[in-house]
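All of the numbers you see were taken from the coordinates with simple rules; none came from a lab. Only a predicted model underlies this, so the values are computations on that prediction, with no experimental measurement involved. Positions of Cβ are generated from backbone atoms using ideal geometry, with glycine treated the same way; all protein chains shown enter the neighbour counts.
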Amino acid sequence: MNAPLLELKNLNAWYGESHVLHGVNLEVHKGEVVTLLGRNGAGRTSTLRAIMGLTGKRSGSVSLFGQEAISMAPHHIARLGVGFCPEERGIFATLTTGENLMLPPRVAKNGGMSVAHIFDMFPNLKERLNSPGTKLSGGEQQMLAVARILRTGAQLLLLDEISEGLAPVIVQTLGRVIRDLKSRGFTIVLVEQNFRFSAGLADRFYVMDGGKVVHHLRQDELAANATMLQEFLGV
Amino acid sequence: MTTIFGYPLPVVLGQLVLGFVNGSFYALLSLGLAVIFGLLRVVNFAHGAFYMLGGFVAHLLLIWFGVNYWGALILAPLIVGALGVGVERALLRHLYTLDPLYGLLLTFGLAMMFEGFMQQQFGSSGITYPVPAALTGFYKLGFMVLPIYRAWVIVASLTVCFLVWILIEKTKLGATLRAATENASLTQAFGINVPVMVTLTYGAGVALAALAGVLAAPITQVSPHMGTSLVVVVFAVVVIGGMGSIFGSIISGLMLGFVEGLTKVVYPEASTTVIFVIMAIVLLIRPTGLFGRD
């Protein structure tokens, strides 16, 4: 197998004095969809933020596209080809839908998805181009947050809780989008609370607890580990 | 004679026009402050000192290098803006993780340093800067005689304010600036070099102050303390308009110039305090300012 596209080795991260990641190890290969599972506070969101360089101090290793990124600034990390969709969606209220969509600069030389293609994928956005970003419905905002990073040509997508709080029909649409992206060769890391959403999408799963990876499963191992998953995901 | 509420019309109109001139300065200065505060969260107390340096650079360009007013209008903002870039990179940059109060204290200290240095070098009496030949003379408006230069100040300030507003609200660069103002770390995570943007924004805000200083030089004379009292008024303008609101700072700058002018007619004793009274009322009723976001 080729070298992983994303590899974390003994990744530690802090927010100020608070030590949130305690040696995370994981790897994601090109074209894979990988989900981070775990309870709230297990360190899944912090893992994505630490990959982007958005936590405070970090130590250990973050290797992206074969480059060590542990001491890179967030804008350099993004320009390696990483698209980040934050948990709170991060739609800018002072920007129109169109401005939100066009905000991230292209990170790949051969460009990303064309705007026309994005409108095929998310027709609602086209009609709302001039509305302020935060006047969109929750589902539309989530589509905008995903569409925005597809335009840049990023090959690795970090998607934090994209199904959270959305109507089932929109969650289904997002599921179709993820499958479509996978078939186009995108590499995707999902953080999901909605186990049923991610169970059908991901190739592999990392279960996190206490700021560490505690289990690693392939999709075909899910059924046999239902009791363990219950223990780490149940409340 | 025509009167309005018992006050002679020419007096009212005359003060309104003078208020318009002052308001143009308030708008230009508060615009730079608002842009800086929006992105950097720094209350730039050195704004008045950069305004003063703009006036001095224009004066020195003239007597040392023979650069005329029009040249100074371009060069002085560039020179003072470059100084601002240096200040941001060397000093302000280290304070962003601390309480915003530290930025205020640092810039307050810088203002005192700049003013003290200029006073030591050039004394505290004002230096006359000549009105450029093309703008000498007067317009006879009937109710008053308006120096052409003051009309030019109004036109130039409003044009610059309008262009900056267009740049921020209607262009791609402005959208990036608005995004970084709203959420700097996420904007950076999209691949935008926010630290460089912060530096250039501070430089640009400072350059606007210096431009106001050049525009003021032929009116107020150039002196080390020309910005000291002005900056306090401009802070009140920014608070009234809403911290960080571009549109709010321009409109409230002009509006308060008018209000000040009218107060000079109605109750001259209050003309220097009226802006602060309005600020207190606005803070009580709408703490985010007239055009601020919650």
Rounding to the nearest 20 debye, state how big the charge dipole of region B:16-225 is about its Cα centre with +1 on each Lys and Arg Cβ and -1 on each Asp and Glu Cβ.
-> 300 debye
Residue among A:119, A:205, A:186 with the largest mean-square fluctuation in a Gaussian network model of chain A, springs linking Cα atoms under 10 Å | A:119
Separation between the residue B:285 and residue B:169 pseudo-spin-labels, each 7 Å from Cα along Cα→Cβ, expressed in nm?
-> 2.3 nm
Virtual paramagnetic centre 7 Å along Cα→Cβ of residue B:148, amide N under 17 Å, in region B:211-241 | B:218-219
Return the aspartates and glutamates within reach of residue B:172: Cα separation strictly under 18 angstrom, same-chain partners fewer than 8 residues apart disregarded; answer none if there are no such residues.
-> A:99, B:182
Cβ-derived FRET efficiency at R0 56 Å, residue A:76 paired with residue B:269, nearest 0.05 = 0.40
What trypsin sites (Lys or Arg not before Pro) in region A:1-53 are in a loop by DSSP, with at most 16 other Cβ atoms within 10 Å of the Cβ?
-> A:30, A:39
Alpha-carbon spread of chain A, three principal axes, descending order, Å | 45, 38, 38
Using Cα positions and a limit of under 25 Å, work out the lysines in reach of residue B:264, with same-chain residues fewer than 8 apart set aside.
-> B:140
Using the C-alpha atoms of region A:142-235, what convex hull volume per residue, in cubic angstrom, is computed?
-> 115 Å³
CD proxy at 222 nm, helix term only [per DSSP H run n ≥ 4: -39500 (n - 2.57); per residue of chain A; nearest 500] | -8500 deg cm²/dmol
For helix B:100-122, report the angle its Cα long axis makes with the longest principal axis of the Cα atoms of chain B; keep it between 0 and 90° and round to the nearest 10°.
-> 60 degrees
Cα atoms only, region B:204-270: Rg and Dmax in Å?
-> 13.2, 38
Residues in region B:108-127 that a label on residue B:90 would reach, taking backbone N under 19 Å of a point 7 Å out along Cα→Cβ | B:108-121
Excluding residues fewer than 8 places away in the same chain, name every one of the lysines whose C-alpha is closer than 18 Å to that of residue A:135.
-> A:126
Give the angle, between 0 and 90 degrees and rounded to the nearest 10, that separates the Cα long axis of helix B:246-266 from the longest principal axis of the Cα atoms of chain B.
-> 30 degrees
Note, ³J(HN,Hα) from phi for region B:176-191, Karplus 6.51, -1.76, 1.60, rounded to Hz, x at Gly and Pro = 5, 5, 5, 4, 5, 5, 6, 8, 5, 5, 5, 4, 5, 5, 8, x
The Rg/Rh figure for the protein assembly as shown, Cα atoms and Kirkwood Rh, to two decimals is 1.09
Calculate the length of the line joining the C-alpha centroid of region A:55-122 to that of region A:151-186, in whole Å.
-> 14 Å
Anyone know which of A:209, A:160, A:180 comes out most mobile in the 10 Å Cα GNM of chain A?
-> A:180
Order of A:222, B:256, B:60 - criterion: other Cβ atoms within 10 Å of each residue's Cβ, fewest first = A:222, B:60, B:256
